[in-house]
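Structure first, then comments.
The values are calculated or read from the model by the stated rules, or taken from the named source; none is laboratory data. Quantities reported herein were computed from a predicted structural model and do not represent experimental measurements. Cβ atoms come from the backbone with ideal geometry, glycine included; neighbour counts cover every protein chain shown.
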């Protein structure tokens, strides 16, 4: 994974405001996504979200924080914690693919959050070398 100069500057800004170093930073049109170690998520956000609010005001962009875990299956469960996931399976076929099993009602929920799913796919590609996420 290569990180651009702009991403490095944003990682430094996060570190200055929260004391936490991000593992990755993804810049979108209106968003900045930071991936920090799972144990550092609370410290990154701060009490009542104060640290993130200050950084949002300074950068004038929405900021999202995701907790990195060693296992991609756990990362997906954490990132989509508002959706009941029946199963997550990593398969190494020609490329690495992650399969998420959901009930019909939860499939609608996850598909209605297509922007969030796109962000998670980008994080998975950059940090876990997973090419695609498939919903079952």
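When 110, 123, 130 are checked against the criterion of being crowded, with 18+ Cβ neighbours inside 10 Å, outside any strand (DSSP E or B) and in contact (Cβ under 8 Å) with a residue 60 or more places away in the chain, a single residue qualifies: 123.
Being surrounded by 14 or more Cβ atoms within 10 Å (Cβ to Cβ), within 15 Å of the chain's Cα centre (by Cα) and more than 14 Å from residue 123 (Cα to Cα) is the requirement here; does residue 41 meet it? For residue 41, the condition - surrounded by 14 or more Cβ atoms within 10 Å (Cβ to Cβ), within 15 Å of the chain's Cα centre (by Cα) and more than 14 Å from residue 123 (Cα to Cα) - is met. Evaluated against (1) part of a helix (DSSP H, G or I); (2) under 20 Å from residue 12 (Cα atoms); (3) in contact with a strand residue (DSSP E or B) (Cβ under 7 Å, 6 or more places away or on another chain), residue 36 falls short on exactly one condition, (1). From the list 97, 31, 106, the lone residue that is at negative phi and outside the structural domain of residue 126 (by TED's automatic domain parsing) is 31.
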